[in-house]
Amino acid sequence: SDISYTPNNIRAINDMPNLAIIVKGDINIAENVTNIDALLYASGRINTCSSSTQNCRSRLVVNGSIVGKNGFSFGRSYFDPISRLSAELISLTPQTIIYPPLGIDNSTYLDTTTYTIDYSEYQPRVSQ
């Protein structure tokens, strides 16, 4: 079924609900699932429809991110001619970057005053 949460009483960054689902193998999402509020990581493939495309006529919304080391199979066949919304929508949420779930980052989250988003140095780009 759906994986959803409603944030209540968030006073600090470590109060934000944040879930990571880490799977050795494939992640197969059932046709009745319409909402996932989590980061999904699979060492195999992520399949947005675990059965035939004819059975997956509902829209899937993922608030988080998806990582499939062996790729993805976007199998939803949702279609609304008026709204023209996509069958699958993956929205990268800010907490996935700022405060990733434990197990995704090496941080222990004891110090919530500073956050490293990117520690790489890049050469400046010059247009001619």
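Structure summary
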{"quantity": "Identity of the residue in the stretch 15-39, out of contact with any Gly (no Cβ under 9 Å at 6 or more places or on another chain) and polar (S, T, N, Q), that ends up farthest from PRO94 (Cα to Cα)", "calculated": "ASN32"}
{"quantity": "Condition met for ARG57 (farther than 25 Å from PRO17 by Cβ, out of contact with any His (no Cβ under 8 Å at 6 or more places or on another chain), open to solvent by 40 Å² or more (accessible area, probe 1.4 Å) and at pLDDT 65 or above)", "calculated": "yes"}
{"quantity": "Residues of the stretch 58-93 that turn out to be in a loop (DSSP other than H, G, I, E, B) and under 18 Å from GLU31 (Cα atoms), as a count", "calculated": "12"}
{"quantity": "Residues of the stretch 75-96 classified as modelled with pLDDT of 90 or more and open to solvent by 90 Å² or more (accessible area, probe 1.4 Å), total", "calculated": "1"}
{"quantity": "Test: residue in the stretch 36-47 that is surrounded by 12 or more Cβ atoms within 10 Å (Cβ to Cβ), of a type in the set (D, E, K, R) and modelled with pLDDT of 90 or more", "calculated": "yes"}
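The values are calculated or read from the model by the stated rules, or taken from the named source; none is laboratory data. Quick caveat: nothing in here was measured; it's all calculated off a predicted structure. Because the Cβ atoms are built from the backbone with ideal geometry, glycine has one as well, and the counts that use them run over all protein chains shown. Each accessible area value is taken on the protein alone, full model and side chains, heavy atoms only, with ligands, DNA and RNA left out. Shrake-Rupley method; radii C 1.70, N 1.55, O 1.52, S 1.80 Å.
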